[in-house]
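J.: Quick one: the structure is below, and I'll ask about it shortly.
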Amino acid sequence: MKPLDIAKVYFEQAAHLMKYDLRTRTMLWTPAREIKVEITIETDAGEIGTYIGYRVQHDNARGPMKGGLRYHPTVDPDEVQSLATLMTWKTAVVNIPFGGGKGGVACDPDKLSQRELETITRKYVDGLHDVIGPYIDVLAPDVNTNAQVMAWIMDQYSKTRGFTPAVVTGKPVELHGSLGREAATGRGVVLAIKNLLGHLGRPMEGTRVAIQGFGNVGSYAALLAEQCGARVVGVSDQFGAVYNKDALDVKALIEHYASKKSVVGFCGGIALERESLLTMDCDVLIPSALSNAITADNMDDIRADVIIEAANSPISPEADKHLNDKGKIILPDIYANTGGVTVSYFEWAQNIQQMPWSEEQVNEGLKAKMSTAFADILTTREKLNTDFRLAAYALGMERVRSATMQRGVL
Ligand code: NAD
């Protein structure tokens, strides 16, 4: 199922629970603005290279639009729109003063030189500079874009607007980025687990965790879960998986991954097929790689009773229903992976204040935001008698609806 269809299914289910009429649904679902820009560059070979860039600005009722920029050959308007809608609900769920947006350029960064990537980035900003800005739409890293790309965005925007670090987050710390940003999404995932286990009256200590994906999110989630006393029993990446029924040594695994670019070959565990990670014996499963990781094909074999969606849309709606019917507890992406956007908000606030925060201040702020959002989801869940996903959607959507109506639609 395509990400936009998945996003629409959950949106409609929550809208039904909230008894929204068709006009309200149309208002909440329709993007405020969709932009497509042509990016033409001279390639290193001296030829003309043409790429298409997108930005979907979904909603700004609660504040400037906020969302990442993705460089990938499969980027298309549907994918960008689905991710933009998710950002609107995410920023509302954690109650930060932003709306939702997302961008992308259809290109293959593996086939581009640094100079070509820099030129594409700068031309993308030129195509958008009238409709982005600290109080309009704030960009951030996503798949295949990093702190360097964010620095180019800041520089290009600042050429016409004056020095404006708050137009983009995820910048290098030396260029007004925030301490704690790199670990933020993984940290948020672990805070989400702690909040849930606390609510269930279960200890973090000794909890067996399996993590699909060992990139930025998965590796920090593993490290911080271990620091909280959990046992990380399995980890996978695109090449394979490793398992240790007692616990993997996460620090050693991170060192191995850094040198080999894979968890495969790690001697502190047993090698397994990549896909078996999802169905291994564990208490908490954290998909933190791709969308559609758990579908009708493997939903019957999932053994964890708690699933934390660190990736965006890792569970298909069919599998989601099946797992809920079996009594599994799923913390949805629009809550579980909001650590990154929350610390992006802190970065934006530091830039606006021109006052850097300590790492401790950032981490404490994140902890407070994740705890309050969890409590708000619980309240909504009890009121609507539903699961965590639809409670989170309903909470976010109602905050956006209410802000829109209070501002007025004349
Ligand atoms: P990343 O590129 O750093 O890491 C991705 C990892 O997934 C890699 O280890 C890769 O080998 C692995 N992987 C790829 N295909 C796989 C497969 N079929 N099976 C198992 N592992 C596989 O990406 P990331 O930044 O860690 O993001 C991971 C997910 O979290 C993505 O869905 C992303 O959209 C989402 N997310 C990331 C952030 C963030 O701040 N980085 C924020 C919110 C959501």
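The values are calculated or read from the model by the stated rules, or taken from the named source; none is laboratory data. Just so it is clear, the model here is predicted, and its values are computed rather than measured. Note that each Cβ is placed from the backbone with ideal geometry, even for glycine, and that neighbours are counted across all protein chains shown. With ligands, DNA and RNA removed, areas are computed over all heavy atoms of the protein, side chains included. Shrake-Rupley method; radii C 1.70, N 1.55, O 1.52, S 1.80 Å.
J.: Which pairs have Cβ atoms under 7 Å, sit 6 or more apart or on different chains, and link a residue in segment 139-152 that is more than 14 Å from Val80 (Cα to Cα) to one that is among the hydrophobic types (A, V, I, L, M, F, W, C) and open to solvent by less than 10 Å² (accessible area, probe 1.4 Å)?
T.: Between residues of segment 139-152 that are more than 14 Å from Val80 (Cα to Cα) and residues that are among the hydrophobic types (A, V, I, L, M, F, W, C) and open to solvent by less than 10 Å² (accessible area, probe 1.4 Å), the close pairs are Thr145/Leu69; Met150/Val168.
J.: Considering only segment 175-251, give the strands (runs of 3 or more DSSP E) lying wholly within it that have at least 2 residues that are within 19 Å of Asn337 (Cα to Cα) and either in the same structural domain as Asp283 (by TED's automatic domain parsing) or among the hydrophobic types (A, V, I, L, M, F, W, C) (or both).
T.: Numbers: elements: 208-212, 231-237, 240-243.
Qualifying strands (runs of 3 or more DSSP E): 208-212, 231-237.
J.: Just name the residue that is nearest to the ligand (Cβ to nearest atom) out of those in segment 338-381 that are over 11 Å from Val94 (Cα atoms), open to solvent by 50 Å² or more (accessible area, probe 1.4 Å) and β-branched (Val, Ile, Thr).
T.: Ranking the qualifying residues of segment 338-381, first place goes to Ile352.
J.: Return yes or no: is Asp108 modelled with pLDDT under 95 and of a type in the set (Asp, Glu)?
T.: Values: modelled with pLDDT under 95: no; of a type in the set (Asp, Glu): yes.
Considered against the rule, which asks whether it is modelled with pLDDT under 95 and of a type in the set (Asp, Glu), Asp108 comes out as no.
J.: Which residue, of Ile330, Ile307, Ile286, is part of a strand (DSSP E or B), within 11 Å of the ligand (Cβ to nearest atom) and not hydroxyl-bearing (Ser, Thr, Tyr)?
T.: Values: Ile330 fails: within 11 Å of the ligand (Cβ to nearest atom); Ile307 fails: within 11 Å of the ligand (Cβ to nearest atom).
It is Ile286.
J.: Please verify whether segment 179-188 includes one or more residues that are under 23 Å from the mean Cα position of the chain (by Cα) and at positive phi. Walk me through it before giving the result.
T.: Within segment 179-188, the subset under 23 Å from the mean Cα position of the chain (by Cα) is 179-188.
Imposing the further condition that a residue be at positive phi reduces the set to 180.
So far as segment 179-188 goes, yes, one or more of its residues are under 23 Å from the mean Cα position of the chain (by Cα) and at positive phi.
J.: Report, by residue number, each residue of segment 215-240 that is within 9 Å of the ligand (Cβ to nearest atom), more than 22 Å from the chain's Cα centre (by Cα) and of a type in the set (A, V, I, L, M, F, W, C).
T.: If the condition is that a residue be within 9 Å of the ligand (Cβ to nearest atom), more than 22 Å from the chain's Cα centre (by Cα) and of a type in the set (A, V, I, L, M, F, W, C), then Phe239 is the only one that fits.
J.: If Val125 meets every condition in (1) of a type in the set (A, V, I, L, M); (2) free of Cβ contacts under 8 Å to residues at least 60 places away in the same chain; (3) open to solvent by 10 Å² or more (accessible area, probe 1.4 Å); (4) part of a helix (DSSP H, G or I) apart from one, which number is that one?
T.: Every condition holds for Val125 apart from (3).
J.: Within segment 13-49, how many residues turn out to be open to solvent by less than 60 Å² (accessible area, probe 1.4 Å) and assigned to a helix (DSSP H, G or I)?
T.: 7
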